[in-house]
Amino acid sequence: QAIVWDEYLTGPFGLIAQYSLLKEHEVEKMFTLKPGRLPPADVKNIIFFVRPKLELMDIITDNVLREDRGRSPQRDFHILFVPRRSLLCEQWLKEQGVLGSFIHREQYSLDLIPFDGDLLSMESESAFKECYLESDQTSLYHAAKGLMTLQALYGTIPQIFGKGDCARHVANMMIRMKREFPGSQNSIFPVFDTLLLLDRNVDLLTPLATQLTYEGLIDEIYGIQNTYVKLPPEKFAPKKQGEGGKDLPTEPKKLQLNSAEELYAEIRDKNFNAVGSVLSKKAKIISAAFEERHHAKTVGEIKQFVSQLPHMQAARSSLANHTSIAELIKDITTSEDFFDNLTVEQEFMSGVDTDKVNNYIEDCIAQKHPLIKILRLVCLQSVCNSGLKQKVLDHYKREILQTYGYEHILTLNNLEKAGLLKPQTSGRNNYPTIRKTLRLWMDDVNEQNPNDISYVYSGYAPLSVRLAQLLARPGWRSIEEVLKMLPGPHFEERQQLPTGLQKKRQHGENRVTLVFFLGGVTYAELAALRFLSQMEDGGTEYVIATTKLINGTTWIKSLMEKLEPAPF
């Protein structure tokens, strides 16, 4: 059999089934879905793995219609929709006259994909846009389905807390699904004590700011796709004596980043300013370990040294990679542009001059800096001021449209609909109250040995994570007033556990909370939650689930309207 992949699915599937595994199951060839004839392959079955999107159905129709019916043996077609079958797509294929060509029409419910030991993602890139701009709640249904599957595997979660309209919607669906399938009550001891559902639009500020953790910066600068990152190859070329850079590699260097790599697990969540010292310490330890070989005298000692060699070599190459990445990032973080941008972000977040036109933003527009950078800053200012005065907002819009082109009026409209760039309606700015009550800005941040989650943005504590932290201790009752200022309802639900499964907590045993971000989460927020899990007196461990891993750039990009030029 051969598989034809919707290109977007290859990344997520790569995390669950490597090509080698598929080969064992008689997959001879793999193709990417594209218009035209399917490549020749000596196979009987062709299986399409696709998301239920109409534009993909057109490509499939094209593939099927161009199939050479005269050839023998004829090839059989099958289609698998990920994560759900769609009536609309099947109807479309029927109208094109190709639905009958598919022997099997199935669905593969891929809801939550494990990315790391404490991280699950649905990899639904348009979830935020669908929920907030298109009022399409399909992704929320998939989230609820994914949570039901988790409960089937790891026991019913006794407490559900949530904040936001989408969170309320997901909780309602879970309660309904549980009612409709009474048999789904299982007698598994619950692993999770609490589920916290958070809407992305409860905290629009966090993704807009530049993340300052090691992993966050890799994502901001190079983009991490399904735990893989592609980096400029120059820094990774092996240096040979006396050759001088003759043949530098041109292919980008692809690395997988997850906690399976010891060194990465240690530095991924640190503030970037604390990474250098860890790397130099590691370098000393590793070179000392390699020096040991000169002291190995007896056969036993030599044998022991040799047995440790593979581990030491892996550690050495891991160190070399991360030193190169850190150098690449440092070139950017030490640039004047990065510093100016960060200064303005931090002024906004700490409440300085958020209500008037910002000079730096004006200069950036005049110099035609990348549009997404401008949009991130303007949206950040708007969020930190509970919306902009109409005069300020109009000024920014006019400058942006005159510099970057009028087609962006649709994008500005989307940002307004999503609540990111809007006029101040109530006439008062709630952000300072929220900032002070939730301690979102800390002046004395310790980046090397942090004592608070604000280290991930060098001063700003992510609002979403602060809500999770306060829920654990002392509970949301202490911040009722602020919760009312944030969009959407907050609620608590309890799920009855079958008798005998109530947890008796041992002394010193941690509670486990699953935090589900509906609409996306950033690596800096992950770092902040991991920091809370590791706190000595924290008492709570966090597992994180999300619709998508995002950063400010990918998030704004998902809200931009791509306008095709007129076909003249």
Which percent of the accessible heavy-atom area of region 304-398 goes to carbon and sulfur, probe 1.4 angstrom? 54 percent
Region 79-156 - percent of accessible surface contributed by carbon and sulfur, probe 1.4 Å: 51 percent
Here the gain from full extension of GLU362 to TYR406, 0.36 nm per residue of separation minus their alpha-carbon distance, amounts to 14.1 nm
Between GLN74 and LEU88, what is the label-to-label distance in nm when each label sits 7 Å out along the Cα-to-Cβ direction? 3.2 nm
If the chain between ARG398 and MET30 were fully extended at 0.36 nm per residue, the gain over the current Cα-Cα distance would be 127.6 nm
Which residues qualify? For LEU119, with a placed amide H closer than 5 Å and at least 5 residues away or on another chain, they are ILE544
Counting DSSP beta bridges with both ends in the chain, the antiparallel % (nearest 5): 30 percent
How far apart, in nanometres, would the label points at ASN413 and ALA283 be if each is projected 7 angstrom from Cα along the Cα-to-Cβ direction? 5.5 nm
Among the listed pairs LYS253/LYS548; LYS254/LYS397; LYS129/LYS389; LYS23/LYS562; LYS282/LYS548; LYS34/LYS94, which are separated by more than 28 Å between their Cα atoms? LYS254/LYS397; LYS23/LYS562; LYS282/LYS548
Regarding region 38-116, what is the average projected area of its C-alpha convex hull, in nm²? 6.2 nm²
Starting from a Cα-only point model with no solvent, please compute log10 I(q)/I(0) by Debye for the chain at q = 0.08 1/Å. -0.65
So GLN18 and GLU251, fully extended at 0.36 nm per residue minus their Cα-Cα distance, gain in nm 81.7 nm
Reduced to Cα centres, the span from region 96-113 to region 145-204 in Å works out to 28 Å
If r is the Cβ-Cβ distance from ASN273 to LYS230 and R0 is 30 Å, what FRET efficiency results, to the nearest 0.05? 0.75
DSSP-assigned coil residues among chymotrypsin sites (Phe, Trp or Tyr not before Pro) in region 80-135, each with at most 15 further Cβ atoms within 10 Å: TYR108
Tell me the net charge near LEU467. Cut-off is 10 Å between Cβ atoms, LEU467 excluded, with +1 for each Lys or Arg and -1 for each Asp or Glu. +1
Residue-normalised accessible area of the chain, expressed per residue, 1.4 Å probe, Å²: 49 Å²
Using alpha-carbon pairs under 8 Å, 6+ residues apart, how would you state the relative contact order of region 2-110 in percent? 27 percent
Could you work out what % of the accessible surface of region 423-516 is carbon and sulfur, using a 1.4 angstrom probe and leaving DNA, RNA and ligands out of the count? 47 percent
Got the relative contact order for the chain handy, in percent, Cα pairs under 8 Å and 6 or more residues apart? 19 percent
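The values are calculated or read from the model by the stated rules, or taken from the named source; none is laboratory data. Please read these numbers as outputs of a predicted model, since none were measured by experiment. All Cβ positions, even for glycine, are placed from backbone atoms using ideal geometry, and neighbour counts span all protein chains on display. When the accessible area is computed, the model is the full protein with side chains, heavy atoms only, and any ligands, DNA or RNA have been set aside. Shrake-Rupley method; radii C 1.70, N 1.55, O 1.52, S 1.80 Å.
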